[in-house]
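None of the figures in this text is laboratory data; all of them are computed from the coordinates on show. Please read these numbers as outputs of a predicted model, since none were measured by experiment. We place every Cβ from the backbone using ideal geometry, glycine too, and count neighbours over all the protein chains shown.
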Amino acid sequence: MIVRADSLPVEGGQLCGLAWLDGLLWYSDAGLQAIVAVDPLTGARIARLPCPQLRGGLAAADGGAQLIQIVGADRRLRVLDPYTGRQVAEYPNPRPGARLSGLHDTPGGTWMAFRSPSLLDLRRHADLDTILSIAVSADPADVTVAGGALVVADQRAGCLSVLDPETGRVGTRLLVDGSPAALTWDGHRLWFCDAAGGRLCSVEVAPDDLGFPA
């Protein structure tokens, strides 16, 4: 299915992470080495947090009290206070040697997307042990949860795939205009970072596209 995306130009040229927090879009940019919060209607910058060594992947966590960013060549997890930029904690990559590429936090655990091998893990908050692991056919750039479904960004194919969170079965593939390097859900729309176009894009999704008919 081909879907139309509305775009929001933003500063930076290496967009690689995206999260929704307090009614704002927070994105990571490897060129800026910063996390930036913008108004989703106007694109006006609201905050900018320095974050050296950042890589792809950004998530709001702990009920919105924290941001988690993937950093360093080893893809470890850095926890930041979104209001001060202060580093709260840092944790090792739970799959050493694997390329951790995306994050999404839920009350039941944190979803993590990995490349090489191509996996989606749901991991416990307390110790990052695996609750569930799903093998996927394409390298996931990022993962989010929308309407009870997993949505995975496939940067190479230029699509967002809607998956059953228990089995990994693909329900819908949404082809988008751009190169989706990261994504998030604002409760109504999917947003993705277009790595090729230097913009944030939103996609309206029908409820049926997030379901899994028998």
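Listing for the model above:
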item: For the range 152-157, Karplus couplings with θ = phi - 60° (6.51, -1.76, 1.60), whole Hz, Gly/Pro x; result: 10, 8, 10, 5, 5, 8
item: Cβ crowding within 10 Å averaged over residues, with 136-143, 169-176, 41-48, 91-98 ranked highest first; result: 136-143, 169-176, 91-98, 41-48
item: Rg/Rg_ref, the range 97-155, where Rg_ref = 2.2 N^0.38 Å and atoms are Cα; result: 1.02
item: Overall dimensions of the chain as given by Cα atoms, namely Rg and Dmax in Å; result: 15.5, 47
